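The values are calculated or read from the model by the stated rules, or taken from the named source; none is laboratory data. Here the structure is a predicted model, which is why all the values come from computation and not from measurement. Backbone-built Cβ (ideal geometry, glycine too); neighbour counts: all protein chains shown. Note: accessible area is taken over every heavy atom of the protein model, side chains too, but ligands, DNA and RNA are not part of it. Shrake-Rupley method; radii C 1.70, N 1.55, O 1.52, S 1.80 Å.
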Amino acid sequence: MTAFFDSAETPWDDLGDGITRKIVGHTDQLMVVHVRFEKGAIGAPHAHEFHDQIGYVAEGSFEAEINGEKRIVKKGDAYIAPRTFMHGAVALEEGSVLVDCFSPPREDFLS
């Protein structure tokens, strides 16, 4: 673990289908991740059994769906998806970026 995150020195991991990711950092209780979307890229609806998630829109905009409720979220907005809530998003602009926060950390992202 490091005490600082240098975005310029951290490459994007290609997840496919127009989505890339950078892990900002994590502790035993918290993880922060940048997720960049091409226009139209889909974060498919899913739910987490053990993780609470907050997605903060750092750039662009998304159509987000949380537990069946759809809203447009834009730069400066966020969505909250407690564990077991179905959630997903579609990027409405090229280069849209979410800052996803997870508690506890996503171990599957680290392996």
Checklist outcome for this item: Just one listed residue, out of Ala41, Ala3, Ala78, is hydrophobic (A, V, I, L, M, F, W, C) and farther than 20 Å from Arg106 by Cα, and it is Ala41
Next on the checklist: Criterion first (in contact with a strand residue (DSSP E or B) (Cβ under 8 Å, 6 or more places away or on another chain), open to solvent by less than 70 Å² (accessible area, probe 1.4 Å) and not in a loop (DSSP other than H, G, I, E, B)) does Gly25 satisfy it?
Outcome noted: yes
Item to check | Odd one out for Leu110 among (1) out of contact with any Asp or Glu (no Cβ under 8 Å at 6 or more places or on another chain); (2) without any contact (Cβ under 8 Å) to a residue 24 or more places away in the chain; (3) exposed (fewer than 13 other Cβ atoms within 10 Å of the Cβ) | outcome: (2)
Checklist outcome for this item: Flagged in the stretch 1-22 as open to solvent by less than 90 Å² (accessible area, probe 1.4 Å) and either outside any loop (DSSP other than H, G, I, E, B) or closer than 17 Å to Gly43 by Cα (or both), in numbering order, are Ser7, Trp12, Asp13, Leu15, Gly16, Gly18, Ile19, Thr20, Arg21, Lys22
Checklist outcome for this item: Within the stretch 71-96, residues assigned to a strand (DSSP E or B) and either open to solvent by less than 90 Å² (accessible area, probe 1.4 Å) or free of Cβ contacts under 8 Å to residues at least 12 places away in the same chain (or both) come out as Arg71, Val73, Ala78, Tyr79, Ala81, His87, Gly88, Ala89, Val90, Ala91, Ser96
Checklist entry - For residues in the stretch 28-42 being assigned to a strand (DSSP E or B) and over 19 Å from Ser103 (Cα atoms), which is nearest to the chain's Cα centre (by Cα)? => result Arg36
Checklist outcome for this item: Within the stretch 47-63, the residues that are open to solvent by less than 70 Å² (accessible area, probe 1.4 Å) and either in contact (Cβ under 8 Å) with a residue 40 or more places away in the chain or not in a strand (DSSP E or B) (or both) are Ala47, His48, His51, Asp52, Gln53, Gly55, Val57, Ala58, Gly60
